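Taken together, the values in this text are just the output of simple stated rules run on the coordinates, not laboratory data. Because the structure is predicted, anything quoted here is derived from the model rather than measured. Don't worry about glycine lacking a Cβ; one is built from the backbone with ideal geometry, like all the others, and counts go over all protein chains shown.
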Amino acid sequence: MSDKNDKAAQRTDWAEDRTIMANERTFNSWMGLGLGAVGVAIALKAVFGDFEPTWAAKGVASLFLFAAIVIYWTAANQAHKTHERLTCREAEVTEAKNFRRLAALLTLATLGTGAVLWTL
């Protein structure tokens, strides 16, 4: 019976490791979505470069930048919560605090992009 319990425990450990890695992949996908929103904001400047009033085009671009920041932090918080609930056994995973660090870095980059768009 002990051998059955050991194998069951090992399967549970592997499942938890797979869940942690899936959490990281999901986080990366959300970061990509946020960066896509930044790309849309930049594209709006290219498409509506001479649009009058300029504040309107910049305002719409800013909405996409704001959406990107919301996406970053929603993903970081959810990934952090999931990561904290699980215990890694074998997999080498990202530390939970790195989710928020990356979200902070991308937020700064997105705010910088917004500042550039507003000065153009």
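Things to note:
- Each residue of region 22-34 was assigned a 3J(HN,Hα) from its phi angle through the Karplus expression (A = 6.51, B = -1.76, C = 1.60, θ = phi - 60°), giving 5, 4, 5, 5, 5, 4, 4, 5, 5, 5, x, 4, x Hz with x at Gly and Pro.
- For V116 and A15, the FRET efficiency from 1/(1 + (r/R0)^6), where r spans their Cβ atoms and R0 equals 41 Å, is about 0.35.
- Least to most buried among W118, W55, W30 (fewest other Cβ within 10 Å first): W55, W118, W30
- Distance in nm between pseudo-label sites at L35 and E52 (7 Å out along the Cβ direction from Cα): 3.8 nm
- Coupling constants for region 37-52 follow from the phi torsions by the Karplus curve (6.51 cos²θ - 1.76 cosθ + 1.60, θ = phi - 60°), and in residue order they are 5, 5, x, 5, 4, 5, 5, 4, 5, 5, 6, 10, x, 9, 5, 10 Hz; glycine and proline get x.
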